[in-house]
1. Could you list, in sequence order, the residues of the range 62-85 that are of a type outside the set (S, T, N, Q) and assigned to a helix (DSSP H, G or I)?
2. Filter the range 156-168 down to the residues that are surrounded by fewer than 16 Cβ atoms within 10 Å (Cβ to Cβ) and of a type in the set (A, V, I, L, M, F, W, C), then identify the one that is nearest to LEU35 (Cα to Cα).
3. Can ARG133 be described as out of contact with any Asp or Glu (no Cβ under 9 Å at 6 or more places or on another chain), modelled with pLDDT of 85 or more, surrounded by fewer than 15 Cβ atoms within 10 Å (Cβ to Cβ) and within 30 Å of GLU46 (Cα to Cα)?
Amino acid sequence: MSLAALLLAQGGPSIIDLILDAGPIGKFVLALLLLASLVCWGIIVERYRSFRRAHRETRSFLSRFHGGARLAELRDLSEKWHRSPVVALFKAAFHEVSQLSMETRADVGRILDEVAIEDVQRMISRSVAANTRDMERSLTFLATTASTAPFIGLFGTVWGIMDSFQTIGVTGAASMQSYAPGIAEALIATAAGLFAAIPAAVAYNSFLRQIRIMSIEMEEFQYDFIHLLQKRRRKVS
């Protein structure tokens, strides 16, 4: 018979009672894991909503970009999109092209020499790295929680079992009824550690995959944008 079944059969304390009756170390471990879990869920919700909106904005923008829309038109449309890293990349590139354009009244970027195009390409590469770092923010906490929470829970379990056996040594009672509540209390820490770690690990891997997809989209846009500038230069030359 499991410890939980034994406690229920004998009308033992509930899980809430075990948590409330835990020692200072046990309560500290549980509070730490609860705080980590709450922070992780906050990050998960925020990143999920942000990435979902980013994917939607990226699809809308790229459909217009590959559809032949003018740069000035894309600039105006991009003002309503704030989550897509590709749109952020375009805004930075458009600003750089505007600064380097040799014609102030013609279509932006119609005439750029090779050196100016290389400057735009370097600026875009820096923007890709900056956008990638921005997307990865807060994910370190998810990875840290996923890797450390089970061990924190295990520490609480070991400490609780040690405390339980110490109580047995003091009282001299070694029956199941005497040490089952203490061991059950200790095992709650392990469950809490897994409760914090599993969602963090799943979310981290999922978000990491989405970041890789968006990084590929940014790199592809970088090549397409530079190719567009080079093609315009060849037409004018």
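1. Let us first name the residues in the range 62-85 that are of a type outside the set (S, T, N, Q), namely 62, 64-77, 79-83, 85.
Across the range 62-85, the qualifying residues are LEU62, ARG64, PHE65, HIS66, LEU71, ALA72, GLU73, LEU74, ARG75, ASP76, LEU77, PRO85.
2. Of the residues in the range 156-168, the ones surrounded by fewer than 16 Cβ atoms within 10 Å (Cβ to Cβ) are 158, 162, 165-168.
The next check asks that each one be of a type in the set (A, V, I, L, M, F, W, C); those that pass are 158, 162, 165, 168.
Details: VAL158: 21, MET162: 25, PHE165: 29, ILE168: 32 Å.
Checking each candidate, the answer is VAL158.
3. Numbers: out of contact with any Asp or Glu (no Cβ under 9 Å at 6 or more places or on another chain): yes; modelled with pLDDT of 85 or more: yes; surrounded by fewer than 15 Cβ atoms within 10 Å (Cβ to Cβ): yes; within 30 Å of GLU46 (Cα to Cα): yes.
Considered against the rule, which asks whether it is out of contact with any Asp or Glu (no Cβ under 9 Å at 6 or more places or on another chain), modelled with pLDDT of 85 or more, surrounded by fewer than 15 Cβ atoms within 10 Å (Cβ to Cβ) and within 30 Å of GLU46 (Cα to Cα), ARG133 comes out as yes.
The values are calculated or read from the model by the stated rules, or taken from the named source; none is laboratory data. All values reported here derive from a predicted model rather than from experimental measurement. Cβ coordinates were reconstructed from backbone atoms using ideal geometry, including for glycine residues, and neighbour counts include every protein chain displayed.
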